[in-house]
Amino acid sequence: MSPKISVRAAAGTRDFLPEEMALRNYVRNVIETSFQRFGFQPLETPAIERLDVLTGKYGEEADRLVFKILKRGRELEKGLESGDLADLALRYDLTVPLARVAAMNHGSLVYPFKRYQIQPVWRAERQQKGRYREFVQCDADIVGSSTISADAEIIALTYEILTALGIPKFCIHVNHRSILHDIITGVCGVTEDKFVAACVAVDKYDKIGWEGVREELDRRGLTKTMVEAVITALNFSGLPADVMAETAKQFEEFPELLSAYGEMSRLFEELQAQGVPEESLSFTHYLARGLDYYTGPIFETIVEEPKIGSITGGGRYDQLIGMFSGQDIPATGTTIGIERIFDVMRELHLFDAEIDAPVQALVAVFSKETRLESLKIAAELRRAGIKTEIYLDEAKKLGKQFAYADKKRIPFVIIAGPDEIAKGEVTIKDLKKGEQKVVGRGKICQALRAPITQS
RNA sequence: GUGGAUAUAGCUCAGUUGGUUAGAGCGCCUGACUGUGGCUCAGGAGGUCGGGGGUUCAAAUCCCCUUAUCCACCCCA
C-alpha cells in the first residue's frame, strides 16, 4: 500500500455528486433554454487567457483577484530575475473573454452578435458561503448594438429566467452610469478623480444605510457639502414611473442629464411592452456596480429572501472591446449567478417537484439462471427510452435489491422470477405506492408509463 | 489581502476542573424475513479527536505553528 496522502479539495472548490448535479443541471437547462428562446447562441472560450488580456479591465481591486499562472521552464527562470513571473491567468469572468473574441472576429461576426456562455470562472478570493474560488457563470451579451433596446432585452431575459425558475421575490435594480456620473460630478460638484470612490460608497447603501454611506464618503475625502449633495441627489429608488417623475422635477435644470433619462424612460417602456411587471423593477439611483468597464445602463437583481446578495448583474460596456481592437464596439449583457440561484432555490425548496427520477426502473435478478432474461427486459426498456438499471452484483436476495432501489429512489422494480418467466410475464412493483401487479412481457413500457392500479 | 470564530465516527453533535478501553442520535452492515424496500426488534463495523510540534507522569481538553471551514471587511455571482 502506498502511504496515505491527505485527501482534500483545493480551498474554495467543490465536488458535485450526482444528487447535486441533478439540481445543477436542471437550473442550467432552464437558463440555457431561455437564452436560446431569445435567440442567443453558444460560445465557449478557454479557461486560460493571456494575463495581459485580463489585467486592467476590472479595476485596481479586482486585478488582484485574478488567478495567475506561473511561466514555465526557462521563461520562469528569466522571470525570477525580472520579477515578471506570470504570463497567463484563469479567466475572471466571461465578459472580457467575449470582448477579446469580438475584437478578434470583428470582420466575420453578424451584428448584433448575441451570445451566451456557461462556463466556470476563477477568483482568488477568500471563500465564504455563496462565494467560491471556482464557480460557474451564465452570461448573455449583445455585441454591436448601441440601442437601449438591447439593454431592455437583457433585462427582459433576466426576468424570464428568474420567473421560469420560480424565484419568488426578486427585484431587478436598474441605473445608468451616465446619470450617476453627471449627478455626482455635475450636480454635486465631486471632482472626477473621486467619482469611482463615491460610487463605491453609495453602492453600499443597502448594506450600511445612509449614515454608513455618509461616513464612507467622508473617509474618502469628499467635503461635507459634497457628501450631503450626493446623498440627497441619489436617494431615489422604487417603481420606475415614480422615480422618473420625481427626478424629472429634481434635475430639470441639468440638461446634460436629459438624454440618459430619456433612454431610461424608453427602456422601461420596452420592458413593459415585453410583459415585465413594474413591481419586479426598481430605478435605483444609488446602484453603481464595482466593475470599471460599465458605461451605460447597469442592472442587478436582488432577492429578498434568503439574503444572499445579488443573483444577476450586468450592464453596458461600450468601450471594453475597443481596448482590444482599437475601435469601440458597443455591447451590453448580464451574468446570471447560477451558484447563488442554486443556493436560493435549495433554501426555499423550489426543486422538489422539478427533478426527474434519475433512474426509472430497476430490473431485479432472481437468480444466476434468470439473469439473461432480466438483461433482455432491461435492454427492451432502454430501447424504449426508459432509464433502466439492472441489478449488477451477484444475485442477492430480492430484499437487497428492493432496498437498493429504495435508496436510489428508483420508482419501479421489475421482477422476472421462474414463475413469471414460465408465463411470459413480469411483476412490476411501484415502490412509492407499495403496490404491484403482473403484466405480460409486451406491456411493460405501457405499464410503467401508466400509474399502477390495484389489480 | 486584513481581523475574528470553529475543527471529535459517513452526517449532526456530547465529552464536566487535563486522568483508564472517546460517547449519543441518525446513517451503514448482518439477522429476525429461504420471491419484496420503508416500520419494528436484536446484533455489528466504523475515530492516529483536521495536520505538525510543544508543556505534562498523563492532552480531544493547555500553548505554538499549519491547513480547511464559517463570519466581518474588501469585492462580487
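Derivation of every value follows stated rules applied to the coordinates shown; laboratory data play no part. It should be emphasised that the depicted structure is a prediction, and the values quoted were computed from it without experimental measurement. Neighbour counts are summed over all protein chains in view; Cβ atoms, including those assigned to glycine, are modelled from backbone coordinates with ideal geometry.
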*With +1 on each Lys and Arg Cβ and -1 on each Asp and Glu Cβ, and nothing else charged, work out how big the dipole of region A:170-303 is about its Cα centre, in Debye to the nearest 20.*
360
*Ellipticity estimate at 222 nm from DSSP helix runs (n ≥ 4, -39,500 (n - 2.57)) divided over chain A, nearest 500*: -11500 deg cm²/dmol
*Per residue and in Å³, how big is the convex hull formed by the alpha-carbon atoms of region A:156-208?*
102
*Under 12 Å from the Cα of A:K57, which aspartates and glutamates turn up, not counting those fewer than eight places away in the same chain?*
A:D93, A:D292
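About its Cα centre, what dipole magnitude does chain A give when the only charges are +1 on Lys and Arg Cβ and -1 on Asp and Glu Cβ, stated in debye to the nearest 20?
So the dipole magnitude of chain A works out to roughly 2740 debye.
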_Ranking request for peptides A:18-27, A:86-95: highest mean number of other beta-carbon atoms within 10 Å first, then the rest in descending order._
A:86-95, A:18-27
_Set of lysines near A:K437 by C-alpha distance (under 17 Å), chain-local residues within fewer than 8 positions excluded_ = A:K423, A:K429
*Looking at the square roots a ≥ b ≥ c of the eigenvalues of the Cα gyration tensor of region A:14-146, which shape do they give, rounded for a/c under 1.5, prolate if a/b is larger than b/c, or oblate?*
oblate
_Calculated FRET efficiency for the pair A:R37/A:K432, C-beta based, R₀ 51 Å, to 0.05_ = 0.90
_Unsatisfied cross-links (Cα-Cα over 22 Å) in the set A:K129/A:K407; A:K400/A:K432; A:K169/A:K307; A:K114/A:K204_ = A:K129/A:K407; A:K114/A:K204
_Taking all pairs of distinct alpha-carbon atoms in region A:170-303, Kirkwood radius in angstrom_ = 15.0
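Can you give the charge dipole size of region A:1-148 about its Cα centre, rounded to the nearest 20 debye, using +1 on the beta carbon of Lys and Arg and -1 on the beta carbon of Asp and Glu? Write out the running numbers ahead of the final one.
On the way: 23 positive and 20 negative charges, 67 e Å.
The calculated dipole for region A:1-148 is roughly 320 debye.
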*Whole number please: convex hull volume per residue of the Cα set in chain A, in Å³?*
227
_Which order do the peptides A:112-119, A:421-428, A:332-339 come out in when sorted by mean C-beta neighbours inside 10 angstrom, highest first?_
A:332-339, A:112-119, A:421-428
*Check each of the trypsin sites (Lys or Arg not before Pro) in region A:240-328 and keep only those in coil by DSSP with at most 15 other C-beta atoms within 10 angstrom; list them in order.*
A:K307
*Stretch A:D206-A:D419 to full length: gain in nm at 0.36 nm per residue minus the Cα-Cα span?*
69.7 nm
_Which of rounded, prolate or oblate describes region A:361-449 when judged by the alpha-carbon gyration tensor and an a/c cut-off of 1.5?_
rounded
*Hey, got a sec? Which GluC sites (Glu not before Pro) in region A:204-290 land in a DSSP loop and have at most 12 other Cβ atoms within 10 Å?*
A:E252, A:E253
*Furthest towards positive pole of dipole, A:V202, A:A248, A:F299, structure part region A:170-303, Cβ charges*: A:V202
*When the Kirkwood radius is taken over all Cα pairs of region A:250-380, what Stokes-Einstein diffusion coefficient follows at 25 °C and 0.890 mPa s, in µm²/s?*
123
*Specify which residue in the list A:Y261, A:G313, A:T232 is farthest towards the positive end of the charge dipole of chain A, using unit charges on the beta carbon of Lys, Arg (+1) and Asp, Glu (-1), about the Cα centre.*
A:G313
*Give a quick list of GluC sites (Glu not before Pro) in region A:357-412 that DSSP marks as loop, anything other than H, G, I, E or B, with at most 16 other Cβ atoms within 10 Å.*
A:E394
*Would you mind giving the three semi-axes, in whole Å and largest first, of the ellipsoid equivalent to region A:92-218 according to its Cα gyration tensor?*
29, 22, 18
